[in-house]
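Participant: One structure, as structure tokens, below. Some questions next.
The values are calculated or read from the model by the stated rules, or taken from the named source; none is laboratory data. For clarity, every value in this text was computed on a predicted model and none was experimentally measured. A quick note on method: Cβ atoms are made from the backbone with ideal geometry, for glycine too, and the neighbour counts reach across all protein chains shown.
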Amino acid sequence: MCVIQHPRHNVIELQRLNGERFILNAFLIEQIQSLPDTTITLTNGKKIVVQTDEKEVVHKMTNYFQQIGLFGTEQK
């Protein structure tokens with residue numbers, strides 16, 4: 001699991017179906033589905049299909065949001 005320390009601190013690293021890694025602004029993610037490929041719908045309606053598993057994308061987002069204090073660090 002990798003949360004990128006980048007000049008734009010609101011990003012997570014994901015992997016496209018062709019294996020290419022890219023950086024995505026975590027605040028732009030509106031919805032994540034497994035169809036069976038992981039499909040991310042952004043707030044602007046654009047869809048991105050990624051190799052990264054749905055649960056891993058959610059984990060990366062949650063980890064990032066915890067780092068910035070948006071979510072608590074306590075798990076139930």
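Participant: From the set of residues in the range 23-61 that are surrounded by 15 or more Cβ atoms within 10 Å (Cβ to Cβ) and polar (S, T, N, Q), which is nearest to GLU13 (Cα to Cα)?
Facilitator: Among those that are surrounded by 15 or more Cβ atoms within 10 Å (Cβ to Cβ) and polar (S, T, N, Q), it is THR52.
Participant: Separate question: Show the residue pairs that are 6+ apart or on different chains and have beta-carbon atoms under 9 Å apart, the first residue being within the range 8-23 and closer than 21 Å to LEU35 by Cβ and in a loop (DSSP other than H, G, I, E, B), the second being β-branched (Val, Ile, Thr) and at pLDDT 90 or above.
Facilitator: Here the result reads LEU17/VAL49; LEU17/VAL50, each pair linking the range 8-23 to a residue that is β-branched (Val, Ile, Thr) and at pLDDT 90 or above.
Participant: Cβ-Cβ under 7 Å, sequence separation 6+ or interchain: first residue in the range 50-76 and under 16 Å from GLN31 (Cα atoms), partner modelled with pLDDT under 90 and buried (at least 16 other Cβ atoms within 10 Å of the Cβ). Which pairs?
Facilitator: These pairs meet every condition: LYS60/VAL3.
Participant: When you go through (1) in a strand (DSSP E or B); (2) hydroxyl-bearing (Ser, Thr, Tyr); (3) within 13 Å of ILE12 (Cβ to Cβ) one by one for TYR64, which number turns out not to apply?
Facilitator: Looking at each condition in turn, TYR64 falls short on (1).
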